[in-house]
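This report refers to the structure that appears directly beneath it.
Please treat every number below as a calculation from the coordinates, not as lab data. Values in this document were obtained by computation on a predicted structure and should not be read as measured data. Methodologically, a virtual Cβ is constructed for each residue, glycine included, from the backbone with ideal geometry; neighbour enumeration extends over all protein chains shown.
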């Protein structure tokens, strides 16, 4: 019998996805550019396995039912283009190519448009959950050719993670690069969540002098409340692991964070769209700063480092740190959804924001109970401009704000860097300010560059310029 789908690329993610598909009753052709990798994959399979091992692209194409579906798990970037080019001679009009890698959304947009000229239906499919998610059920964010989606919907909803209500974390996102765009925002929020948790950890460790075991128990308790999430859960687990000498293993891990670029893509796109993505951008910069390890060590000797000595009510401060983490998490998601809202207009997508929140409830790195609250917010108001306008989230922020400020103050007083917690608080204060000092900025711009300004007490469409350095007269400027 012909295979239902081909998986091209048998790295960790590709082979786990292939196993997942087989587990769900699919007939799968597997291919890897290095034949030995394919051989190793099929070596341990049972004799009655539905896997077909392919060692050339002509055989791969011949093994598939029509229309053919080829699922790529290749390294993002130029490699994906090379793989697509190598496949095209073996495919026919109406066949489907799916890129399941961590591709940049503009590349997916370009591939979708280019492959249409060949009659090939392209899907750019964001996948989250790491190797465990790939094997047992990831969160899947498909976008691209809407005509291709019905052909593969059953396959991917079958292998996707299932939320507590049984719904698959796999729903159509939108045309072109929309699927990989939503995955990019997911990864940006992931950067923010991880940084926020790290800052809360440092406040407890360096600000309150808590031992790793105490902090682990605190995170475990928090995981049973509004902060319930995969990242909080694994943080508690990490802090419980010790080396042979009884010291926390995390204390011996080099404090230089890596990154693969998706967080940076999110920040760059925010700048291009004019979205104030302050928290996620600071999380990206925090990783960049952490990588400057030698320079930081030298600067600590030159400038001094963190000071400690908290003598207040530790239980109250722990509650403050909890509230700060919760409030900043709300801001992180609010900024991410604000960016998607802006992108939907810019790129012509019809994004269903409540449905996107449901995609992330299981299988992915940012999965949490918090996402149900986001879905409810968009159910209450489909045109919600920001999560901060929803009564539930507005009340949560107002309640958390006093503790949030106390936690940030603790960091400032002790020289503990809090780029994500503090920038989130600044965004919150700026977003709720009816008046900001930008009028002075605009006057400065007009002074040195004649960039003009508008007045609050006159026609808002009229632009004005003052001769600041001469007689200070004001003149209306025609566009």
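DSSP assigns beta bridges within the chain; of those with both partners inside it, close to 40 percent run antiparallel. In terms of its C-alpha gyration tensor, the chain has an oblate overall shape, because the principal axis ratio a/c (a ≥ b ≥ c, square roots of the eigenvalues) is not below 1.5 and a/b does not outweigh b/c.
Which whole-angstrom value gives the distance between the alpha carbon centres of the range 281-333 and the range 378-402? Taking the Cα centre of the range 378-402 as reference, the centre of the range 281-333 is 26 Å away. Per DSSP helix of 4 or more residues, -39500 (n - 2.57); summed, then divided by the residues of the chain. What does that give at 222 nm, rounded to the nearest 500? Mean residue ellipticity, 222 nm, calculated: -16500 deg cm²/dmol. Taking label points 7 Å from Cα along the Cα-to-Cβ direction, residue 307 and residue 372 give a separation of 4.6 nm.
Spatial offset of the range 24-45 relative to the range 64-85 amounts to 16 Å, using the alpha carbon center of each.
So if we plug the beta-carbon distance of residue 49 and residue 395 into 1/(1 + (r/R0)^6) with R0 = 56 Å, what FRET efficiency do we get, rounded to 0.05? Walk me through the numbers on the way to the answer.
Values: r = 54 Å, r/R0 = 0.97.
Computed FRET efficiency for residue 49 and residue 395: 0.55.
Once a ≥ b ≥ c are taken as the square roots of the eigenvalues of the Cα gyration tensor of the range 438-477, is the result rounded (a/c under 1.5), prolate (a/b larger than b/c) or oblate (a/b not larger than b/c)? Here the range 438-477 falls in the oblate category. Label zone of residue 59 (point 7 Å out along Cα→Cβ, amide N under 16 Å): in the range 21-40 this covers 28-40. One Cα centroid belongs to the range 257-277, the other to the range 118-160; the line between them spans 24 Å. Of all DSSP-defined beta bridges confined to the range 5-176, some 25% are antiparallel rather than parallel. Given the range 124-277, what percent of its DSSP beta bridges are antiparallel, to the nearest 5? Restricted to the range 124-277, the bridges split so that about 70 percent are antiparallel.
To the nearest 0.05, what FRET efficiency results for residue 431 and residue 383 with a Förster distance of 25 Å applied to their C-beta separation?
Details: r = 18 Å, r/R0 = 0.72.
So, using R0 = 25 Å, E works out to roughly 0.90.
Let me check against my output: what whole-number percent is the relative contact order of the chain, with C-alpha pairs under 8 Å and at least 6 apart?
Working: 817 pairs, mean separation 60.2, N = 479.
Rounded, it is 13 percent for the chain.
Remark on the range 194-237: ratio of C-alpha radius of gyration to 2.2 N^0.38 Å is 1.04. Each residue in 48, 62, 459 was given a count of other beta-carbon atoms within 10 angstrom of its own, and listing them fewest first yields 48, 459, 62.
What is the extension gain from residue 459 to residue 165, computed as 0.36 nm multiplied by their sequence separation minus the C-alpha to C-alpha distance, in nm to one decimal? Kindly include the intermediate steps, with their values, before the conclusion.
Working: separation 294, 0.36 × 294 = 105.84 nm, distance 5.36 nm.
That pair, residue 459 and residue 165, stretches by 100.5 nm at full extension.
The ranking of 265, 468, 172 from fewest to most other beta carbons within 10 Å of each one's beta carbon is 468, 172, 265.
Suppose R0 equals 56 Å; then what is the FRET efficiency for residue 253 and residue 442 from their Cβ-Cβ distance, rounded to the nearest 0.05? Let's see the in-between values first.
Numbers: r = 47 Å, r/R0 = 0.84.
Once the sixth-power term is evaluated, E becomes 0.75.
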